[in-house]
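The values are calculated or read from the model by the stated rules, or taken from the named source; none is laboratory data. If you're wondering where the values come from, they're calculated on a predicted model, not measured in any experiment. Because the Cβ atoms are built from the backbone with ideal geometry, glycine has one as well, and the counts that use them run over all protein chains shown.
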Amino acid sequence: MNFKNNSLIGLVIGSRQIIKNIFIAMIGMSMLIACNNDDGTDTPAPTPKGSLRLDFDAFAGSDDLVMNSSYTNASGETFKVTMFQYYVSNIKLIKEDGSDYAVPVGAEEGYYLVKEDRTITLQDIPAGDYTAIEFMLGVDSTRSTMDPSERKGDLDIGDPETGAEMYWSWNSGYIFMKFEGVAEAVPDSTEGAWVQDSLDQWYFDTTQYTYWNDIYNIHVGGFGGYDTPTPNNTRHIHLHMHGGNTIQVRKNEEPEVHIAVDALKVMDGSVNHSFAEFYQEHSPSRTGDIADNMQHMFTVHHVHN
Amino acid sequence: MFTTDFIFHKKSSAIAGDFNFRSIPILLYGLAIVILGACSPEENDNPEPEKPFVFELPSHFPEPVYDFEKNPISKEGFELGKMLFMDGKLSRDGSISCAHCHITSSAFTQHGHSLAHGIDNRQTMRNSQPIQNLAYLNSFGWDGGIFHLDLFPIFPITNPVEMDEDVPRVLEKLRNDENYPRLFKKVFGTDSIETDHFLKALSQFQLVCISSNSKYDRYLLGQESLSDQEMEGLAIFEEKCSSCHSGVLQTDNSFRNNGLPIGNPRDLGRNLITERDEDLYKFRVPSLRNLKYTFPYMHDGRFFSLESVLDHYSDGVIDSPTLDTLLTGGPSRGISLTESEKSKIINFLSTLNDSTFITNEDIFVF
């Protein structure tokens, strides 16, 4: 990163930058408050802090999503899912009165890859009753354009479990969501084939004239471009608790929020995609409506307080 | 401010003056140059004293784009990067190093190939680019898809037709190596070999590969004069070429369509990154340094001589919706050039060759 380019980014994402700066200032302020409280003399009692678990449960309609079992999409095509994972970041907890707590983002924290068997645990949240959760689906442009020392944790491009799987090397940026599997509707290829090398990596071999093996790989990414504006496929999700429910964060307790994520909505939504036409998708400009669809796949299922 | 010692040691037996980094107004970048007096014990045994070896940015180059504060160059970091650059461990089967396609003697391109060849002799889509003066670029690759030098290695490492490996496995191999953990610790203070340390070490080596000692550089610095032919060539170049190939590095770092007939229809150039119609078949304007060593030319290495390049500009430019307007302005498409103008331009371009760069033993990789 450099100053010249920084200013260019500034132009493209100016408003987000401001929000981000305010946000950083807020974190700074909350840290100051925390420090004040720590010396514990005549300052008011410290705000108690608690933790919170976010459990994103993958569903297919109203049932659990089971990898490798058959489902049918709105276009009537059957398909199986072998991978479904995505980044959640910039999480915010909101109280009834509109005040909020933003979970800090940094080199090591605040970006979470959600995949099977992974839950997110948030620490040091000010105690209180929260009525809504907000988060970003994807990785914001500020973090996406930082140098690699500012992207550790789940964003570490060298971590086999997370970042290494979710990165476009030839067009620098994170893949926000991967939805992969097999569907018979995927047409046979006449110009090459997806084959696996000795290390099970898929690649497109133009010298082979076999079939697609029915494989679909839907990859959504695109943070808006570094110096040329390109599609921004990050999305904001706002989830309100139903029926007067709250998330009660308390010291020494760990409420659990179960969020149901309907994987069928990846392909079906305001636009219903058919595997016959939409199966190898790796470009930000073609996957914006998938990102739109995904905005509607989250609901709060229940909260354990 | 950072105070890394930008110092390398070099045997004084090496030809004096062959080290080709020019001094810069050091304060500009806040680099503190420390002259190391003490040598290690073995070196003291050597009757010939070590000559301190300083990495400086050329005074007549623009301000670098690369943020050296985020990755201060050290002798050990540079050497580690060089070792990584030459190491086949970065590829799936150990056979392909970065230097396989970036050979010093060809100004870090892959000699003799139009399209670079990688693992199992698989062919890539493009012509290998020189590793030179990378601190001054703001995007990398012919289409500029990679916006930070530190991020570049991920592309060749994971590309099935280049090194066909993945980054976690490379890190694992390095962590299990008998030398690397110690060497990383010397540079980054930890032997855990983090992703960013691995990438930054590679950048350190590549950043030191600065070519700034051509005849043209010495001319700019008032140390040597150009011949009449070369001066005339320079004047024609400035009139007809430098709107794109501008400045001391002969590039404005923009993406343009210079009217080449479409080669590989899949290679859409900059459009592959931005997906905008106006970027179809545009490629980054390359620097024209060291052309003597980097042939063949263009993103797909289609031209094997500078004569062919100039014939393209005078007679071969193809019209298309994204053809650069600088090539449509004249009475006919392209750039009007007489044969004598062409040869003068070629005379001038030869002053951009820097033989000390490709023979510099400190950056020599194979």
Original post:
In the list B:203, B:212, which residue meets the criterion of being part of a loop (DSSP other than H, G, I, E, B) and out of contact with any strand residue (DSSP E or B) (no Cβ under 8 Å at 6 or more places or on another chain)?
Top reply: B:212
**OP:** Sort out for me the helices (runs of 4 or more DSSP H) sitting completely within segment B:235-321 that have 2 or more residues that are touching an Asp or Glu at 6+ places or on another chain (Cβ under 6 Å), at pLDDT 95 or above and away from chain A (no Cβ under 14 Å).
**Re:** none
**OP:** Check off (1) closer than 30 Å to residue B:356 by Cα; (2) touching a Pro at 6+ places or on another chain (Cβ under 7 Å) for residue B:203 and give me the number that stays unchecked.
**Re:** (2)
Original post:
Restricting the first residue to segment A:89-101 and requiring it to be within 18 Å of residue A:48 (Cβ to Cβ) and assigned by TED's automatic domain parsing to the domain that holds residue A:241, which pairs with a second residue that is buried (at least 16 other Cβ atoms within 10 Å of the Cβ) and among the basic types (Lys, Arg) meet a Cβ separation below 6 Å and a spacing of at least six or different chains?
Top reply: A:100/A:92
**OP:** Could you check, for segment B:126-139, whether at least one of its residues is assigned to a helix (DSSP H, G or I), closer than 28 Å to residue B:193 by Cβ and small (Gly, Ala, Ser)?
**Re:** yes
Subject >> Residue list for segment B:326-340, filter: part of a helix (DSSP H, G or I) and within 28 Å of the chain's Cα centre (by Cα) >> reply: B:326, B:327
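One line per residue, one yes/no per condition, for (1) facing another protein chain (nearest Cβ under 8 Å); (2) at positive phi; (3) within 23 Å of the chain's Cα centre (by Cα):
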residue: B:142; (1), (2), (3): no, no, yes
residue: B:149; (1), (2), (3): no, no, yes
residue: B:166; (1), (2), (3): yes, no, no
residue: B:175; (1), (2), (3): no, no, no
residue: B:178; (1), (2), (3): no, no, no
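Out of the residues in segment A:180-201 that are at the interface with chain B (Cβ under 9 Å from one of its Cβ atoms) and surrounded by 14 or more Cβ atoms within 10 Å (Cβ to Cβ), which is modelled with the lowest pLDDT?
The residue in question is A:201.
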Original post:
If the Cβ limit is 9 Å and pairs must be 6+ apart or interchain, which residue in segment B:285-300 that is free of Cβ contacts under 8 Å to residues at least 24 places away in the same chain pairs with which residue that is in a loop (DSSP other than H, G, I, E, B) and crowded, with 20+ Cβ neighbours inside 10 Å?
Top reply: B:295/B:301
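So, in segment A:111-124, how many residues would count as being surrounded by 21 or more Cβ atoms within 10 Å (Cβ to Cβ) and either in contact with a Phe, Trp or Tyr (Cβ under 9 Å, 6 or more places away or on another chain) or of a type in the set (Lys, Arg) (or both)?
Adding up the residues that qualify gives 4.
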Original post:
Out of curiosity, is residue B:149 of a type in the set (A, V, I, L, M) and surrounded by fewer than 22 Cβ atoms within 10 Å (Cβ to Cβ)?
Top reply: no
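Counting just the residues of segment B:86-140 that are on the phi > 0 side of the Ramachandran plot and surrounded by 21 or more Cβ atoms within 10 Å (Cβ to Cβ), which one comes out nearest to the chain's Cα centre (by Cα)?
Residue satisfying both the conditions and the ranking: B:133.
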Original post:
in the same structural domain as residue A:260 (by TED's automatic domain parsing), surrounded by fewer than 15 Cβ atoms within 10 Å (Cβ to Cβ) and not in a loop (DSSP other than H, G, I, E, B): does that describe residue A:83?
Top reply: yes
Subject >> Of all residues in segment A:129-151 being surrounded by fewer than 21 Cβ atoms within 10 Å (Cβ to Cβ), of a type outside the set (S, T, N, Q) and in contact (Cβ under 8 Å) with a residue 60 or more places away in the chain, the one that is nearest to the other protein chains (Cβ to nearest Cβ) >> reply: A:147
Subject >> Flag for residue B:182 being among the basic types (Lys, Arg), surrounded by fewer than 22 Cβ atoms within 10 Å (Cβ to Cβ) and within 11 Å of chain A (Cβ to nearest Cβ) >> reply: no
**OP:** Select from segment A:275-302 the residues that are surrounded by 16 or more Cβ atoms within 10 Å (Cβ to Cβ) and assigned to a loop (DSSP other than H, G, I, E, B) and list them in ascending order.
**Re:** A:275, A:278, A:279, A:283, A:287, A:297
Subject >> Qualifying positions in segment A:227-264 - free of Cβ contacts under 8 Å to residues at least 24 places away in the same chain, away from every other protein chain (no Cβ under 14 Å) and within 30 Å of residue A:284 (Cα to Cα) >> reply: none
Subject >> Filter result for the condition that a residue is modelled with pLDDT of 50 or more and within 20 Å of the chain's Cα centre (by Cα), over B:51, B:75 >> reply: B:75
Subject >> Residue selected from segment B:211-242 under the condition of a type in the set (Gly, Ala, Ser) and closer than 21 Å to residue B:64 by Cα, by the criterion surrounded by the most Cβ atoms within 10 Å (Cβ to Cβ) >> reply: B:211
